[in-house]
Structures are given as structure tokens and as C-alpha cells.
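Peer 1: Can you read through this structure? Questions will come right after.
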């Protein structure tokens, strides 16, 4: 995954959380994923595909982090646990963040379509990738906890 | 999701498991997903996307089922637990089964590209979908345990 493909994901994450959830996020230094991580409590996964590129974007939240974000999105008190509204919100955030990155990447000449997102809920669920896919991990901090965005995006047949 | 889109997924699953893992599978009656299910121990997720359609395919295996399938794929004894080889094999099966369905669907005039698969490992991890996506569930039986394929595939903007 080229370094210049990273910034659109970081910018989209900052913008979407600022506008949809009045949440300031601090992106940390990106790094290549070297071995499996234990993920957050709830995770959104979305595929990116065209005839020339393929990839996937994963965004995984700690419980405290997503409960505070969703409270702001829905303008409701912070829920005690992750429920269907929270899981739906993760799907929406996944779609909109990846859609924002897609729009910027299209201006850079990289065109693809988004698949339907899926959401995974469960403590200790690990998300894995094919060996051939180099994954970039971007950790984010918020005042209410951390989340991580992982992206893999590459030309087909050039892995 | 149209009924005629189902058969290509069923056929690809049967063919891929027969040829790659000498495993006979018995598809059960498909049904619409009505509420969350607890999923298998290891799950492959892959996105499908073009300018006109979007979707995702999920295939989730019980531990016994996937350990026996992978033993036949690798021509090795049955492993005691799910390890990285097994998770990689789930990614490969996900890709090849969805690729087989894609080839048949293309002949029916439905064209899309595949995203990079991701694999989820963990007992009790639940996979959820956006509310707007109707999901078809196809249970499969094998001599060594069950697995389930779930697919959502629809024209964009016509959900």
C-alpha cells in the first residue's frame, strides 16, 4: 500500500468523527501490521474493489470509545453496553469514512467501489488478513478511548 | 437479493470443497436472516462491488468442520486447534468460492469485483449486517460438522 494512500483515510476519519460525532481524534504514527492484534469490542469491515485495485478497511473500537461516539451521534446519554444501535452506527461510520477516502483517492486517480460493510461484535475476536496483503495500521486516540483503522489497498496482481 | 443469485453461491461452494478438499457438502434450505446468529469459530468475509451492485459474502465454520476440511486441503493430519494455516485456508476458500459465484453471475449479466477477504477468529464473535441489506443464509452439512454461507447482493440504491 502506497504511503500517499494513507492520508485520505486519516483525513476522512478526522472529518467524519468531527462532523457526525463532535469528536476530536488524534491520529498516531501509522505502522505496518506485523502480527495479529487483539481487536476492539466492535469492528466494522468494508471491501474496496475495482478491476484494477482491491482492498479492505477495518475500523475497530474499544467499548468506551464507541459508546461515547455513538452518544454524540445520536444526541443521547452514553449507553451502558454495545447494542444494535451502536453496531449500526459502526456500520454507518465505516461506510462514510471509507466513502470519504474513496472520494479523495478518486481525485488521485485511484478508483474503486465499496462493498456492503459487515460488523463484528465480540470480545477477543481477532481479524486476520491474507498473507499477501500488506496492512497499514493507524491508531487513533480520543478523549474517551482508542480505536484503530487498518487498511490494505493495492493494485491487483502486484501484491 | 434475487433468488436466482443464490444458486451460483451454492454450486461454487459444492465444487470448491469437492475439488480442493475432497469434501461432500449438503446444502440445506436457504432462508432469510431474521436475527443475529452466533457464528462459527472461524469466519471469512469478502466484499463484492461494482458501479451497479454491492454485497458481501460470509462463510463461517464450526471448528470440527474447518479442521477436517483443511486437513484434506493440506493432505495433513487433522490439527488439534485452529492456527494460522487454518485461518489462511479460510481466506483462500472465501476468495475461491466467491470467485466461482462471480464467474457464474457474470454469465447472468451481473458483474462485480471482489475485495480482499478478511477472516475473523474467536468463539462467540457475531457478524452483523446493515439493516438495509437483506441477507440469505444457506446452511451446509458435512460429515465432520456444519458451516453456513451468508450472502447479501443487491443493486445499489434499490435496497
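Peer 1: Which whole number gives the average count of other chain Cβ atoms within 10 Å of the Cβ atoms across peptide B:88-96? All intermediate terms of the calculation are to be shown ahead of the outcome.
Peer 2: Numbers: counts 5, 0, 1, 6, 1, 0, 1, 1, 0.
Average neighbour count from other chains, rounded to a whole number: 2.
Peer 1: I've got another one for you. In nm, give the distance between the simple-model label positions of residue B:52 and residue B:3, each being 7 Å from the Cα along the Cα-to-Cβ direction.
Peer 2: Those two pseudo-labels are separated by 2.3 nm.
Peer 1: How far, in nm to one decimal, is residue A:111 from itself in the other copies if the label point is set 7 angstrom along Cα toward Cβ? Shortest first, please.
Peer 2: Label-point separations across copies, in nm and ascending: 1.2.
Peer 1: Principal axis extents for the stretch A:62-112, Cα atoms only, whole Å, descending order, please.
Peer 2: 44, 16, 16
Peer 1: Taking springs between alpha-carbon atoms closer than 10 angstrom, which of B:107, B:14, B:141 fluctuates most in the Gaussian network model of chain B?
Peer 2: B:107
Peer 1: How far is helix A:6-21 tilted, in degrees, relative to the longest principal axis of the Cα atoms in chain A, given as a value from 0 to 90 rounded to the nearest 10?
Peer 2: Result, in degrees: 20.
Peer 1: Please pull out the direction-averaged projected area of the stretch A:33-102, using the convex hull of its alpha-carbon atoms, in nm² to one decimal place.
Peer 2: Numbers: hull surface 23.0 nm².
Hull-based average projected area comes out at 5.8 nm².
Peer 1: If you take each beta carbon of peptide B:106-116 and count the beta carbons of other chains within 10 angstrom, what is the mean? Please list the in-between numbers first.
Peer 2: Details: counts 0, 0, 0, 0, 0, 1, 4, 12, 5, 17, 18.
That works out to 5 on average.
Peer 1: Right, something else. Place the label 7 angstrom along Cα→C-beta at residue B:11 and in each other copy, then list the distances from the first to the rest in nm, shortest first.
Peer 2: So the label point of residue B:11 gives 4.5 nm to the other copies.
Peer 1: If the elastic network links every pair of Cα atoms under 10 Å, which of B:61, B:147, B:112 fluctuates the most in the Gaussian network model of chain B?
Peer 2: Per the Cα network of chain B with a 10 Å cutoff, B:112 tops the list.
Peer 1: I've got another one for you. Once the Cα gyration tensor of the protein assembly as shown is found, what semi-axes does its equivalent ellipsoid get, as square roots of 5 times the eigenvalues, in whole Å, sorted largest first? Kindly include the intermediate steps, with their values, before the conclusion.
Peer 2: On the way: eigenvalues 184, 89, 76 Å².
They are 30, 21, 20 Å, listed from largest to smallest.
Peer 1: Based on the Cβ-Cβ distance from residue A:131 to residue A:75, what FRET efficiency comes out when R0 is 35 Å, to the nearest 0.05?
Peer 2: On the way: r = 44 Å, r/R0 = 1.25.
In this case the efficiency is close to 0.20.
Peer 1: Put the label 7 Å from Cα along Cα→Cβ for residue A:22; what are its distances to the other copies, in nanometres, shortest first?
Peer 2: Ordered by increasing distance: 6.4 nm.
Peer 1: Distance in whole Å from the B-onto-A rotation axis to the closest C-beta of chain B, together with the residue it belongs to, please.
Peer 2: Nearest Cβ to that rotation axis, in whole Å: B:47, 1.
Peer 1: Related question: What shape does the stretch A:15-73 have by the C-alpha gyration tensor, where a ≥ b ≥ c are the square roots of the eigenvalues, rounded means a/c under 1.5, and otherwise prolate means a/b greater than b/c and oblate the rest? It would help to have the intermediate numbers written out before the result.
Peer 2: Values: a/c = 1.90, a/b = 1.44, b/c = 1.32.
Here the stretch A:15-73 falls in the prolate category.
Peer 1: If neighbour count is taken as other Cβ atoms inside 10 Å, put B:10, A:97 in order from fewest to most.
Peer 2: On the way: B:10 17, A:97 25.
Final ranking by Cβ density, sparse to dense: B:10, A:97.
Peer 1: Which number do you get for Rg(Cα) / (2.2 N^0.38 Å) in chain B? If you can, show how the numbers build up before the last one.
Peer 2: Working: Rg = 14.9 Å, N = 159, 2.2 N^0.38 = 15.1 Å.
Cα Rg divided by the expected 2.2 N^0.38 Å: 0.99.
Peer 1: Once you keep just the Cα pairs under 8 angstrom separated by 6 or more residues, what percentage relative contact order results for chain A?
Peer 2: Details: 298 pairs, mean separation 61.5, N = 159.
Dividing the mean separation by the residue count of chain A yields 39 percent.
Peer 1: Another question about this same structure. Please give the average number of partner chain Cβ atoms lying within 10 Å of the Cβ of each residue in B:126-137, rounded to a whole number. Present the calculation step by step, with values, prior to reporting the outcome.
Peer 2: Details: counts 7, 8, 12, 7, 10, 4, 3, 4, 0, 2, 0, 0.
If you average over the peptide's residues, the count of other-chain Cβ atoms is 5.
Any read-out appearing in this document is the output of simple, stated calculations on the displayed coordinates, not a laboratory observation. None of the values given here were measured: they were computed from a predicted structure. Counting neighbours? That spans all protein chains shown, and the Cβs are built from the backbone with ideal geometry, glycine included.
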